[in-house]
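The values are calculated or read from the model by the stated rules, or taken from the named source; none is laboratory data. The shown structure was predicted, so the numbers you read here are calculated from the model rather than taken from an experiment. As a convention, Cβ positions derive from the backbone with ideal geometry for all residues, glycine included, and neighbour counts pool all protein chains shown.
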Amino acid sequence: MSRRALAWALVASSTAAIAFAAPAAHAAPAAQSTTCNASLLLGFNPGLTLSERDQRIRVGGSLDGCSGGGVSSATVAGKGMGSLSCTSGSAQAIINLTWDTSERSQVLVTVDTSGNINGTVTRGKFAGETVSASLTITPLNGDCIFTPVTKASATGTVAL
């Protein structure tokens, strides 16, 4: 396998675990108020490599097609920090949601490199509820080996 192919295989298999992704086999808890389709853009600074280091994380995008909870969509904006590489580390992020009803939610999320997401709505609509996600992460640049991954897209289902 070429070094470039090996690098992309590593990115595809490990970046998903780091960048706010949970394995698709994890179902949303039955008690959730709403389930939405997420379309997100993730930014990492200075960028993910094979060496763990402090990262600043930015999250933006939208939740659409929501079912339940009296909402149908939301805009997403957030930021976080953590010590991450393409294969290890953990991070926390604060995500702000502005619903189509003009209501707001603030979510605190902790992510580890096995892809587990533990989150809670800390303020606003759905306060006190847990958050779960099943996302597919696609690196938009970098390869973790020769060039840091600084951007990725994330799509899938979010429940809160």
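A few remarks follow.
- Of the residues Gly60, Gly115, the single one that is outside any strand (DSSP E or B) and either buried (at least 17 other Cβ atoms within 10 Å of the Cβ) or at pLDDT 95 or above (or both) is Gly115.
- Test for Ser83: is it at negative phi, at pLDDT below 90, part of a strand (DSSP E or B) and of a type in the set (Gly, Ala, Ser): no
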